[in-house]
Amino acid sequence: MTSRLLYEFKRKLEELESYKGKGTELITLYIPPDKNIADIANQLREELSQAQNIKSKQTRTNVSAGLEAILNRLKQYRKPPEHGMVIISGVVNVNGREKHITEIIEPPEPVPIYKYHCDSTFYLEPLKDMLREKKLYGLIVIDRREATVGILKGRRIEVLNSDTSMVPGKHRQGGQSSVRFERLREIAIHEFYKKVGDMATESLLPYKDQLLGIVIGGPSPTKEEFFEGNYLHHELQRKVLALVDVGYTDESGLYELVEKAKDILEEADLIREKKLMQRFMSEVAKDGLAAYGESEVRYYLQMGAVDILLLSEDLRYERVRYRCPKCGNEKELTLKENIEKQIVCEKDGIAMEEVGRRDIVLELSEIAESMGSRVEFLSTESEEGEVLFKAFGGIAAILRFKPTGNKQQ
Ligand SMILES: [Zn+2]
């Protein structure tokens, strides 16, 4: 996905996030790519008849209108688009006016769940998840008949390429010399390994900087022969974390591989977190190129001084913008998710209005992106990740340089 599309997708999510319904009347419908449209329509008609029992007249009317609008939109589809879609519908407040909106979002990645959700806000978590940087691993499964190359992105497996071989079976035809047969068979096997190596290189090399590692699966001794024969590009070869026994070498083999290599992948990820935190801590210890805490990191980010932004996956804060209705002065604050606060204009002594609210992870990573800073998300499952979350507030940075002058607070 291009960065412009990504940006537009982000902006769209932010817009939807800002909407609030008066009651539980904003509908979000997640449709994965393989879902049957007729089944969905049936379920929505069922919801529509149940909506007649809603006590509040306004909520009842709005939910029904939302469901009817979605049913109408669904008529234009015989099957979901390539990545599935998310349909939102409801009555929202836009610049002080109530307006019924219905929109179809085709996200950059496949919709992972089927879900009908009705609440006072739109349900956007699975879409926001798509924006978080994914951990990538290369996957190869191979036996002498077949090979499949894939990539693990977060929790999702994508098949990149596959091929089958011309290697003859172990049993020769009558009349062939067994020595000659074995020789031909070995040549065919070598040719197949070479082909798979080229295929894997072509598919995975573009990701080489992001790949945390590669795992190779298959029966013995095939996978060992493939690995030891150096059929992979040397930059990929040194990323190989492990060879794992799996029974299948088609797409299902990739799933089997990820399942069996779970601990290895988790460990590789923990090692990555460990290394990042060690680098950060050593800078902190010598009062060097490190910053932590939201206001300090934000200051360095905006100056373009951040090399790597370290964010805790468990951060649940929002950046809230207020405006004075009288003088128009604006103020920004960081608050815990879904917390509201009364802010008074210092000049006029009257309450300021909330005019915007964004997930702080999105907000900070967007600044980072525009400044060319790398963003790394750390879980709180590792000791190091926990230190980032508890001791440094979940927001820290390794700096490119340390600007002189006073820090803005
Ligand atoms: Zn004011």
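Here are the numbers for this structure:
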item	result
Rounded Å value of the spacing that divides the Cα centres of segment 382-397 and segment 282-333	15 Å
Set LYS115/LYS262; LYS12/LYS195; LYS262/LYS390; LYS99/LYS326 screened for pairs whose C-alpha atoms are more than 32 Å apart	LYS12/LYS195
Principal axis box of segment 318-392, alpha-carbon based, largest edge first, Å	48, 27, 17
Residue order, fewest to most beta carbons within 10 Å, for LEU388, LEU309, LEU48	LEU48, LEU309, LEU388
Equivalent ellipsoid dimensions for segment 271-399 as semi-axes, Å, which come from the Cα gyration tensor, largest first	31, 15, 12
Viscosity 1.567 mPa s, 4 °C: Kirkwood-radius Stokes-Einstein D of the chain over Cα pairs, µm²/s	52 µm²/s
Above-threshold pairs, the threshold being 18 Å between Cα atoms, out of LYS22/LYS55; LYS10/LYS135; LYS194/LYS223; LYS135/LYS275; LYS128/LYS274; LYS239/LYS275	LYS10/LYS135; LYS128/LYS274
Convex hull volume per residue in cubic angstrom - Cα atoms of segment 136-260	90 Å³
Ranked ILE343, ILE87, ILE27, ILE187, criterion: other C-beta atoms within 10 Å, fewest first	ILE187, ILE343, ILE87, ILE27
More than 23 angstrom apart: percent of Cα pairs within segment 214-346	61 percent
Theoretical ellipticity at 222 nm over the chain - DSSP helices of four or more residues, -39500 (n - 2.57) apiece, nearest 500	-12000 deg cm²/dmol
Rounded to 5, percent antiparallel among DSSP beta bridges of the chain	80 percent
Projected label distance in nm at GLU46 and GLN342, using a 7 Å step from Cα toward the beta-carbon	4.6 nm
For segment 3-129, convex hull volume per residue from C-alpha positions, Å³	99 Å³
Residue (of LEU378, ILE104, HIS234) at the positive-pole extreme of the chain, dipole from beta-carbon charges	ILE104
With 10 Å bins from 0: P(r) over segment 324-364, alpha-carbon pairs, percent	27, 48, 23, 2
MET166, MET277, MET303 arranged by Cβ crowding within 10 Å, fewest neighbours leading	MET166, MET303, MET277
Computed magnitude of the charge dipole of the chain (debye, nearest 20; Cβ of K, R +1, Cβ of D, E -1)	800 debye
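Just so you know, all these numbers are worked out from the coordinates, no wet-lab data involved. Computed from a predicted model, the values in this text were never measured in an experiment. Don't worry about glycine lacking a Cβ; one is built from the backbone with ideal geometry, like all the others, and counts go over all protein chains shown.
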